[in-house]
Amino acid sequence: MQTATLFDLPAIQTPPAPLEAPVPAKPKPKRRRTVHASVPLTPWTTVPDEMIRDADWVVISSSGGKDSQAMLSYVVRRAKALGMLHKVVVVHADLGRVEWEGTRELAELQAALAGVPRFEVVQAKGADLLERVEIRYGKLKVKAEEEARQRGEDPATAEIAPAWPSSAARWCTADVKRGPIRTLYTRLVAELGTLGRPARILECIGQRAAESIQRAQLAKVEINRGASNGKRTVTTWRPIHSWSDRTVWREIARSRLPYHPAYDWGNRRLSCVFCVLGCNSDLVNGARRVPELAAAYARTEVKVGTDFKKGLSMAEIIRRARVLEETEGPAARPPIGTAMAVHIGTAAVARYRIRQSAVYGLVA
Ligand code: SF4
C-alpha cells in the first residue's frame, strides 16, 4: 500500500480574506471662527439718533426695492436732522443679469435725489448667481458620489442635494450680497486711518417682520459679529422692522422718490427676478417680462436635475406665463402709481406724482 505524500494531498484552500468594511471618511473638523475680543456681544444703545451719532459710517444697503427706498428716506431724514449726512453711504450689490433691469441705476437715482453724498456698487467676483448654481451642483455631485463609494454603494445612484438656494439654504445672499458688501466695509475702515479704536459701522438693512416668520424673529438692532473684527464693529440696524406695507408706501409717497416699475406690474419683491423666496405670481410675472432669463433658469434646471423651487419648476413657471400671454396678450405697462394706490389710495398717489414732478422734474 502506497503512503500518500504531501504532494498527493489536496491543496489546502486559503479562505478568502474577509471583505473590509469601508472606512467612513473622518468628518472634517468644523472651522470655528473666533471673534475678536474687542467685538461686543450687544450694542451699547438701540436709540436711532445715538447710533447715528456714534457711527463712523452709516451704510444703507439698497436693493432698489420698496423697503430699501423707504428705509433710505427714513434714515437720511434722521441723519440730516442730526447734521450727520456726510457719514451716510448707500451701497448696492449688483447682481448682474439675474436682477430686474434698471435696478442699479434706480438705486443710484434714489440715493442722489435723497441727497446722499456717496453711492457705492459692489459685485461678487467671478460667476453670477445662476452660474454658481451649476458650480455648486458639480461640487455636491462629487461629494455625494464620494460618500456613496465610501458606503460601498454605486456612485451612479448617489442622491445629490439640491443646488438651488432655498429658504433653508440661503447661500445666495451670502455669496452675492453680504460678502461683497463686507469688502466695502474694509475700504471704508481703511479710509478712516488710525483711530486708536475699532471703527464703528452702522449697517442699515430694510428687512421687515411682516415679510416672513424668520424675519419677524430678527432683532431690530444687534451686533453683526460675523462682519466685525479687530478693526471694525458692525452694528446691524433694521430701521423699518416693524413697518407694515402701508407705512412703507406712505414713506415712499412722502419722500417723492421714484420706485421700480416691477411693483406696478404686480410684483411684491424686487432684487432677483426669480427669487427663491418670491411668491408664484412674482415668478410668473418675471417670466412674462424677462423670458430670456426664464429660459436660462430652465436650462440650468435641466443641468442640475432639480426644480428651481421645491414643487415649482421654471419650466412650469414659463408654461403659466405663456398661458397668460396667450389669453391676455402682452400687457401694457400699468400706470405709474398702480402699486402704491393699492395701499394708500389714488388721491395720495396723485399728490406724490405732482410733487415728484415739481421737486425732481420727473415725468408725472
Ligand atoms: S433676491 Fe432671493 S434669490 Fe436673489 S439673492 Fe436674495 S434671496 Fe437669493
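The residue that is farthest from the ligand (Cβ to nearest atom), among those in segment 55-73 that are part of a helix (DSSP H, G or I) and in contact with an Asp or Glu (Cβ under 6 Å, 6 or more places away or on another chain), is SER73. Taken over segment 297-316, the residue count meeting the criterion of being within 14 Å of the ligand (Cβ to nearest atom) and touching a helix residue (DSSP H, G or I) at 6+ places or on another chain (Cβ under 6 Å) is 4. Taking the criterion of being within 24 Å of SER212 (Cα to Cα) and in a helix (DSSP H, G or I), the residues of segment 241-258 that qualify are ASP245, ARG246, THR247, VAL248, TRP249, ARG250, GLU251, ILE252. For segment 70-80, the criterion of being in contact with a Cys (Cβ under 7 Å, 6 or more places away or on another chain) and more than 25 Å from LEU195 (Cβ to Cβ) is met by at least one residue.
Of the numbered criteria (1) closer than 26 Å to ALA169 by Cβ; (2) at pLDDT 95 or above, the one LYS309 fails is (2). Contact map, segment 46-70: residues that are farther than 17 Å from GLU251 by Cα and surrounded by fewer than 21 Cβ atoms within 10 Å (Cβ to Cβ) paired with residues that are of a type in the set (Ser, Thr, Tyr) and at pLDDT 95 or above, Cβ distance under 8 Å, separation 6+ or inter-chain. Pairs shown: ASP54/THR45. Just one of the listed residues (VAL273, VAL234, VAL248) is more than 16 Å from the ligand (Cβ to nearest atom), in contact (Cβ under 8 Å) with a residue 60 or more places away in the chain and surrounded by 20 or more Cβ atoms within 10 Å (Cβ to Cβ), namely VAL248. Quick one: is GLN123 surrounded by fewer than 17 Cβ atoms within 10 Å (Cβ to Cβ) and touching a Pro at 6+ places or on another chain (Cβ under 9 Å)? Answer is yes for this residue. Here ARG268 fulfils each of the conditions (1) touching a residue at least 24 places away in the same chain (Cβ under 8 Å); (2) within 16 Å of the ligand (Cβ to nearest atom) apart from (1). Hey, any hits in segment 187-198 for a residue that's touching a His at 6+ places or on another chain (Cβ under 9 Å), surrounded by 18 or more Cβ atoms within 10 Å (Cβ to Cβ) and either under 24 Å from GLY278 (Cα atoms) or not hydrophobic (A, V, I, L, M, F, W, C) (or both)? The answer is yes, given that some residue of segment 187-198 is touching a His at 6+ places or on another chain (Cβ under 9 Å), surrounded by 18 or more Cβ atoms within 10 Å (Cβ to Cβ) and either under 24 Å from GLY278 (Cα atoms) or not hydrophobic (A, V, I, L, M, F, W, C) (or both). Take the conditions (1) crowded, with 18+ Cβ neighbours inside 10 Å; (2) under 26 Å from LEU283 (Cα atoms); GLN356 misses just one of them, which is (2). Once segment 86-110 is narrowed to residues that are more than 15 Å from the ligand (Cβ to nearest atom), of a type in the set (A, V, I, L, M, F, W, C) and not in a strand (DSSP E or B), the residue that is surrounded by the fewest Cβ atoms within 10 Å (Cβ to Cβ) is LEU109.
Taking the residues in segment 130-186 that are among the hydroxyl-bearing types (Ser, Thr, Tyr) and part of a helix (DSSP H, G or I) as candidates, determine which candidate is nearest to the ligand (Cβ to nearest atom). The residue in question is THR173.
The values are calculated or read from the model by the stated rules, or taken from the named source; none is laboratory data. Quick caveat, the model's predicted, so the values are computed rather than measured. A quick note on method: Cβ atoms are made from the backbone with ideal geometry, for glycine too, and the neighbour counts reach across all protein chains shown.
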